[in-house]
1. When the accessible area of the chain is split by element with a 1.4 Å probe, what percent falls to carbon and sulfur?
2. Cβ under 11 Å from A140's Cβ, A140 left aside: what net charge do those residues give with Lys, Arg +1 and Asp, Glu -1?
3. Please turn the phi angles of segment 46-51 into ³J(HN,Hα) values with the Karplus equation 6.51 cos²θ - 1.76 cosθ + 1.60 (θ = phi - 60°), one per residue in order, whole Hz, x for glycine and proline.
4. Under a 5 Å amide H to amide H cut-off, with H placed in plane at 1.01 Å, what residues pair with V84 once short-range neighbours are removed?
5. Please compute the contact order of the chain in relative form: average sequence separation of alpha-carbon pairs under 8 Å and at least six residues apart, divided by the residue count, as a percent.
6. What ³J(HN,Hα) values, in whole Hz, does the Karplus curve 6.51 cos²θ - 1.76 cosθ + 1.60 give for segment 103-112 when θ = phi - 60°, with x put for Gly and Pro?
7. Within 10 Å of each candidate Cβ there may be at most 13 other Cβ atoms; applying that plus a DSSP loop requirement, which GluC sites (Glu not before Pro) in segment 75-151 survive?
8. Relative to the first principal axis of the alpha-carbon coordinates of the chain, what is the inclination of helix 2-17, with its axis defined by its Cα atoms, in degrees from 0 to 90 and to the nearest 10?
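The values are calculated or read from the model by the stated rules, or taken from the named source; none is laboratory data. Keep in mind that this is a model prediction, so the values were computed, not measured. Methodologically, a virtual Cβ is constructed for each residue, glycine included, from the backbone with ideal geometry; neighbour enumeration extends over all protein chains shown. In case anyone asks, the SASA skips ligands and DNA or RNA and just uses the protein heavy atoms, side chains included. Shrake-Rupley method; radii C 1.70, N 1.55, O 1.52, S 1.80 Å.
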Amino acid sequence: MKLAALSCAAAAGLLIGCGSNEQPPPAPEPAASPALTHRPAGCIVEVGTQPEGVAADPRSGLVAVAVRDPALLVLIDGASGRVVRRVPLPAAARHLQVSDRGRLLVPAEEANVLIQVPLGAAGRELTTPVGEFPHDAAAAAGLALVANERA
């Protein structure tokens, strides 16, 4: 009896200790919203399909929204709700952050780049190759830090 119990325990230990090369399932995404039954309160601004990331810059008063289809960055005047500019992106972004230097940090996931979009009138966009599937970014002391989802 003791030998049989030991054998079963050893077999169970071997089975539990076996690993797998399979990737974990993708993270769950929010469900689709139901159709509206009445007009929502407040100011409504049409930005495009599948909006993901939103960031607001208190200095410029701009609100940025990343949309997925097509991949765009939509800059909106926060006071009027007027779309100021649409910036085409090489791939969709999910998270947006305002840097300490007046730029919007846009990690374009499938393009593996970080795009820095100036929020003022002057400046040009900067594109930097980063690791695999950049998901979020932050800035401090003039540095941009990128979190890669698949790296």
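1. Solvent-exposed carbon and sulfur of the chain make up 59 percent of the total.
2. 0
3. 6, 10, x, 8, 6, x
4. L75, I76, D77
5. Reported as a whole number, the value is 13 percent.
6. Working through the residues one at a time gives 10, 9, 8, 10, x, 8, 4, 6, 8, 6 Hz.
7. Filter output for segment 75-151: E132.
8. In the chain, helix 2-17 runs at an angle near 20 degrees to the longest axis.
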